[in-house]
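First up is the structure itself, then whatever we jot down about it.
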Amino acid sequence: MTFDARTIRRQFPVFAGRPGGLPLHYLDNAAMAQMPRPVIEALVAHDSLSRANVHRGLHPLAERADRAYDAARTTIARHLHVADPTEIVFTSGATASVNLLAQAFGAGLGPDDEIVVSRLDHHSNLVPWLLLAKNRGVRLRFLPVTADGRLDVGKAPDIIGPRCRLVAVTHASNVTGAVTAVAPLVAAARAVGAKVLLDGAQMLPHGSVDLPKLGVDFYCFSGHKVFAPTGIGVLWGRRELLSALPPPMGGGGMIAGFDGDEPVFLDTPQRFEAGTPPVTQAIGLAAALTWLDEFDHHDIAAHERRLTEDLLDGLASFPGVTIVGPRDMERRLPVVSFTVAGAHPHDICQILGGRGVALRGGALCAQPLMNDLDLPGVVRASLALYNDEADVAALLSGLTHAIKVLA
Ligand code: PMP
């Protein structure tokens, strides 16, 4: 199938509408992507015809829900090239995944241990580790950031020392769009026996992620950025590691039995999924990844790359605009942040929002990076496979207008 953004857009009901009476140029995909009809239909079909709690009931409807939920886990595992679906733990999102790991993995750590984080990461892969440092005395060390907004993995062997137990960094930045060079990080971590967690929240919508090939130990992401509903995310971990971690949350559905008054926990993934899981959302996530896998990932990447080049070239032609992130296209996502001299990011976003161009502005939950860059915030345009040249053109002409009004 040839890749055509306009045809793809027709699968998204939101683009048939005109929110606020304006055509929608949706460039806020890094915050939340839109859902195509097959995903919406999968959600409605499940809740209409197969809705029941899972792994509890013995009636036919419950068995149908069980099968759909278990199949969703298998589909998601396959998308990530993971052979064992029990390594997929459902959470409510990337934030919940990192918190789960911080509590479970962190339970065995203390003041003699170090965790390596970065100054580039989203707060959701930083604050849980800061809390762990506060609560258990674990020492955090920070990987620095290069001048063009990449993780400086060249410094990894200096920062990842013999006390390091875990390296927890992003696979791709939600601010600069830079994709992390994973191999040197993994090598530095392996050299000292440390584990690696990658935050794939921004990576997943833009191409295929092969977890065994990446060589990391843990991975997380959110459904809502990958064309799936809100309230669902994944923590992936190597089975032997997950099986050895204590469950941070207790409740129904994760107990094998009781030894006297002592609960005996089920193995992964159930031990981390206490309570009624997000069944419908998991089915929606599987539908979204199935939909995404119908496209050639190289086509998606080539299309997004073309648009990103146009966008970067267009932005560079404004004298007062500075791109915050790598200018070259090697290892970068279609997530483009910039500043406009003399204009606050929120004002730019508001003026462009008034023209139907959906952007995001501010610190983007990456305050340490903003502090390092000495910026109050940035404007971010983030693209997905359904964006096209008209979206980029609307942003650039809107920016011309906003600069006239503001600067
Ligand atoms: N990591 C990154 C890189 C993100 O961009 C985001 C969302 N902006 C998150 C984590 C957190 O995702 P969620 O809010 O869905 O938990």
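The values are calculated or read from the model by the stated rules, or taken from the named source; none is laboratory data. Because the structure is a prediction, the values reported are computed rather than measured. Quick reminder, even Gly has a Cβ in these numbers, built from the backbone with ideal geometry, and neighbours come from all protein chains shown. All accessible areas refer to the heavy atoms of the entire protein, side chains included, with ligands and DNA or RNA removed. Shrake-Rupley method; radii C 1.70, N 1.55, O 1.52, S 1.80 Å.
Looking at the range 274-282, is at least one residue in contact with a helix residue (DSSP H, G or I) (Cβ under 6 Å, 6 or more places away or on another chain), in contact (Cβ under 8 Å) with a residue 24 or more places away in the chain and more than 22 Å from LEU197 (Cβ to Cβ)?
So far as the range 274-282 goes, yes, one or more of its residues are in contact with a helix residue (DSSP H, G or I) (Cβ under 6 Å, 6 or more places away or on another chain), in contact (Cβ under 8 Å) with a residue 24 or more places away in the chain and more than 22 Å from LEU197 (Cβ to Cβ).
Any idea how many residues of the range 25-67 are open to solvent by less than 30 Å² (accessible area, probe 1.4 Å), polar (S, T, N, Q) and either within 16 Å of the ligand (Cβ to nearest atom) or in the same structural domain as CYS349 (by the TED database) (or both)?
Looking only at that region, the number is 1.
For the range 169-187, name all the residues that are open to solvent by less than 40 Å² (accessible area, probe 1.4 Å) and not hydroxyl-bearing (Ser, Thr, Tyr).
Scanning the range 169-187 gives VAL169, HIS171, ALA172, ASN174, VAL175, GLY177, ALA178, VAL179, ALA181, VAL182, LEU185, VAL186.
Does the range 102-115 include one or more residues that are within 16 Å of the ligand (Cβ to nearest atom) and within 16 Å of the chain's Cα centre (by Cα)?
No: zero hits.
May I ask you to list pairs of residues, at least six apart or on different chains, whose Cβ atoms are under 8 Å apart, with the first in the range 330-345 being assigned by the TED database to the domain that holds ARG305 and the second being of a type in the set (D, E, K, R) and open to solvent by 10 Å² or more (accessible area, probe 1.4 Å)?
Partner pairs satisfying both residue conditions: ARG331/ARG150; PRO334/ARG305.
If the requirement is being open to solvent by less than 10 Å² (accessible area, probe 1.4 Å), closer than 30 Å to PRO111 by Cβ and not charged (D, E, K, R), which of these qualifies: VAL234, VAL196?
Of VAL234, VAL196, the one residue that is open to solvent by less than 10 Å² (accessible area, probe 1.4 Å), closer than 30 Å to PRO111 by Cβ and not charged (D, E, K, R) is VAL196.
State whether one or more residues within the range 128-138 are crowded, with 16+ Cβ neighbours inside 10 Å and within 12 Å of the ligand (Cβ to nearest atom).
Within the range 128-138, one or more residues are crowded, with 16+ Cβ neighbours inside 10 Å and within 12 Å of the ligand (Cβ to nearest atom).
Given LEU166, LEU204, LEU214, which one is open to solvent by less than 50 Å² (accessible area, probe 1.4 Å), at pLDDT 95 or above, in contact with a strand residue (DSSP E or B) (Cβ under 6 Å, 6 or more places away or on another chain) and more than 15 Å from the ligand (Cβ to nearest atom)?
LEU166
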